[in-house]
Amino acid sequence: FFLQSTVNRGAEGKRLFNSIGKSISSTIIPIKLSSPLNFHRMWNKSRRKVTFISNILLLVLSTTSESCISNASPLNKQPMKLNGPFFQGWLVRNIDHAQNVSFIFVVGSFSSRNSATYDEHYIFCGLSTNKYSKQVDIFPSPKSVIIKGSKPGSYFSSNRNLNISWAAKGFGQFLFNNQICSAQFEFGPNFRLNFKTNNRIPWKDSSISFNDGPEGWLGSTPFLPCHYFVHSVGSQCEYEIYNNENNKNDLITGKGYAHIEGNHGSFFPDGWTWCQTIANNNEASLGFVGGKFEIAGLKPMNFVVYFRRKNGHRVIYRTTDLDIIKYRIQPTRGVVTISANSMNLLRKERLEITVTAAVHSSHDNVKSLFGRPVFIPTEKGFSNSPGCLETYNAMATVHYYAGNEANEIPESYSIPLTALEFGGSFVGKYLLSN
């Protein structure tokens, strides 16, 4: 269905089909593309194969629940199928290896069922230093929040125009445009956060705009009730944090590198694990998310794994691309292990990843490393029951293998100050892939 509708778009479809063929069709449909290639001759030759897979997709996607078409968000007016409550949020995480400091910042807005406006707003900051960790949050009054934003493209893209403003009177403002991402917030009299980032590094260097985020080719279809996009995997960041809790009078200023992402939608995952980190001097970055996310009415276990090597090469695996991702998720131990490779025999590279929460003798158990449960969006609004558990000083070990030789020496990375999160039903739940 997707490929047929693409072809029927004429010249635009021809360009799109030619550009995505190697990344999508070669994985799902046994069609080989050559260059130069006559589009119409190739299409006629492969018509039966495309029709076959189209029928399979139509059968699967027909399970989508009945819903109405509307604009997804005043911030990202992407037409999508909505059915029920809606959430929009932004996340910025900065890592300063020089001072052993990291922080995570989130702003989010929630609209309840049958509501035409946002009914709840949430601001959160999690801080980790070499001396202590701290979490603070605010629920500003809906009347105090003003959200403004320009209309971006029809789907998430790293080259789209951004001009977002999220302000809460008496607390502060979040700004995100093509040049900078910044925030100035006061979480009461004893804690404030200021930061400014620039020089976005996109998730993927690619001319295929609809394939340059975690969603991949699915991001250009109407079958995702929740959208997720990474805007930068290593922006330069200057920050200032003031913490006077228990008369600490602690002022932290520095520079680091920031990860920026956003999501919005009408579906709230049952459970998930999320990880993000950036290596010293921004030489590499890692991110993955795995969980039960809805795709066309179905809720399989899905994974997206991303790694930016020190030479700039991006290594990306998605279960929706039929990549093979094996996992062991152990929230009670604070450990996630992942093995990722491709079904494409021409792609020999693979990743082995282990993320482990830092265990200190002063902690009675691993759960205490994750702090209190953080509020998450649910169908009934923001809730911290069960919410999600986060740590900001885990250790990530990544082994990259360029081939499949038995004695190959991998390109290895050890990255501290890694964020690791378990949310929803994954809190305290052991999961092992088949």
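The values are calculated or read from the model by the stated rules, or taken from the named source; none is laboratory data. A quick note: this is a predicted structure, and the numbers were derived from the prediction, not measured. In this analysis, Cβ positions are derived from the backbone assuming ideal geometry, glycine residues included, and neighbour counts consider all displayed protein chains. When the accessible area is computed, the model is the full protein with side chains, heavy atoms only, and any ligands, DNA or RNA have been set aside. Shrake-Rupley method; radii C 1.70, N 1.55, O 1.52, S 1.80 Å.
Using a 1.4 Å probe on the protein heavy atoms only, what accessible surface does F267 show? Give it in Å² to the nearest 10.
20
Would you mind computing, in nm to one decimal, how far apart the modelled labels at D270 and E283 are, each placed 7 Å from Cα along Cα→Cβ?
Taking the two extended label points, one gets 4.2 nm.
Considering only protein heavy atoms, with the full assembly of protein chains and a 1.4 angstrom probe, order S385, S165 by accessible area, largest first.
Per-residue accessible area, sorted high to low, gives S385, S165.
For the stretch 92-204, give the magnitude of the charge dipole about the Cα centre (Cβ charges: +1 Lys/Arg, -1 Asp/Glu; no others), in debye to the nearest 20.
280
Please report the accessible area of R192 (heavy atoms, 1.4 Å probe, ligands and nucleic acids excluded) in Å², nearest 10.
80
What residues qualify as long-range amide H neighbours of S232, i.e. H under 5 Å apart, gap of 5 or more or another chain, H built at 1.01 Å from N?
I260
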